[in-house]
Amino acid sequence: MRKYFIAGNWKMHKTVAESVTLAKDLASGLKDCGEKIMIAPAFTALSAVADAIKGGSILLGAQNMGPEEQGAHTGEVSVLMLKDLGVKVVILGHSERRHAYGEDDALVNRKVRLALSHGLETILCVGETLEEREGGRLEAIVGTQIREGLAGVAPGLLDRVTIAYEPVWAIGTGKTATPEDADAVHAFIRTVIAGLYGPESAKKLCIQYGGSVKPDNVAQLMAKDNIDGALVGGASLKPETFVPIAKFR
Ligand code: PEP
């Protein structure tokens, strides 16, 4: 039976104390959950959340990372600092980074390669805006984000890469892609990966769906052949919503 990868992106929410409370509630609510689970608090709460989930199976994630190992890069957080805190997975290329902070595919690629070279897992986020979808450019946009995001990533490192398909118009809007639409894009993503790394790698690749995933729509999404997990924003901020999402079966 396949294991789903359910990840929570807490974005710019919660103080350290609130993050610890949420992490402890999730650790207790999910202790008998068989899926792969990750939570990504704000940088300021990583250390405290690491302590709160120590010894359990929830993986610690980060929401972003600088493109350099260390040095004079004011305001950035390095891969070495994340590893030092016990971070195992880093979310890269989130649409909020791309659209609000101008991150392009070349920058995302530098981060992906750096994270992988230091042994972190990465969640590479891709997805089209409504305008791009309606203009018939979905495949061109998502295909480019994958090809450029993974440029120079050796085949042996692909098992540490998850791709999150997150249509920008579905993030935080309450609009979800239909399971059929999401599955079709995930299938397209597999064909792009097959072209780059071969069919076996494409089959094994974990592809999450993200965009207004909630307890009442998660099961239909996860039932689709090409959907291997979820990247959850708003609904990851409360145990009442994240626990049932992670325990959808
Ligand atoms: C996200 O931020 O990755 C996300 C999918 O957010 P939401 O679940 O709130 O749409």
Could you list all residues from segment 182-222 that are in contact with an Asp or Glu (Cβ under 9 Å, 6 or more places away or on another chain) and over 23 Å from Arg160 (Cβ atoms)?
Asp183, Gly211, Pro215, Leu221
Please work out if Ala182 is buried (at least 21 other Cβ atoms within 10 Å of the Cβ), within 16 Å of the ligand (Cβ to nearest atom), part of a helix (DSSP H, G or I) and not hydroxyl-bearing (Ser, Thr, Tyr).
yes
May I ask you to verify whether Gly195 is assigned to a loop (DSSP other than H, G, I, E, B), more than 16 Å from Glu128 (Cα to Cα) and either charged (D, E, K, R) or open to solvent by 30 Å² or more (accessible area, probe 1.4 Å) (or both)?
no
Do we find a residue being of a type in the set (Phe, Trp, Tyr), open to solvent by less than 30 Å² (accessible area, probe 1.4 Å) and free of Cβ contacts under 8 Å to residues at least 60 places away in the same chain anywhere in segment 203-226?
yes
Quick check on segment 59-69. Is at least one of its residues without any contact (Cβ under 8 Å) to a residue 12 or more places away in the chain and open to solvent by 10 Å² or more (accessible area, probe 1.4 Å)?
no
When segment 150-178 is checked residue by residue, the ones that are part of a helix (DSSP H, G or I) and more than 16 Å from the ligand (Cβ to nearest atom) are Pro155, Gly156, Leu157, Leu158, Asp159, Arg160
Members of segment 144-153 found to be open to solvent by less than 50 Å² (accessible area, probe 1.4 Å), of a type outside the set (Val, Ile, Thr) and over 17 Å from the mean Cα position of the chain (by Cα), listed by number
Ala151
Within segment 2-55, work out how many residues are over 15 Å from Leu237 (Cβ atoms), of a type in the set (Lys, Arg) and crowded, with 19+ Cβ neighbours inside 10 Å.
1
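The values are calculated or read from the model by the stated rules, or taken from the named source; none is laboratory data. Owing to the predicted nature of the structure, the values given are computational and were not obtained by experimental measurement. A quick note on method: Cβ atoms are made from the backbone with ideal geometry, for glycine too, and the neighbour counts reach across all protein chains shown. Note: areas computed on protein heavy atoms with side chains; ligands, DNA, RNA excluded. Shrake-Rupley method; radii C 1.70, N 1.55, O 1.52, S 1.80 Å.
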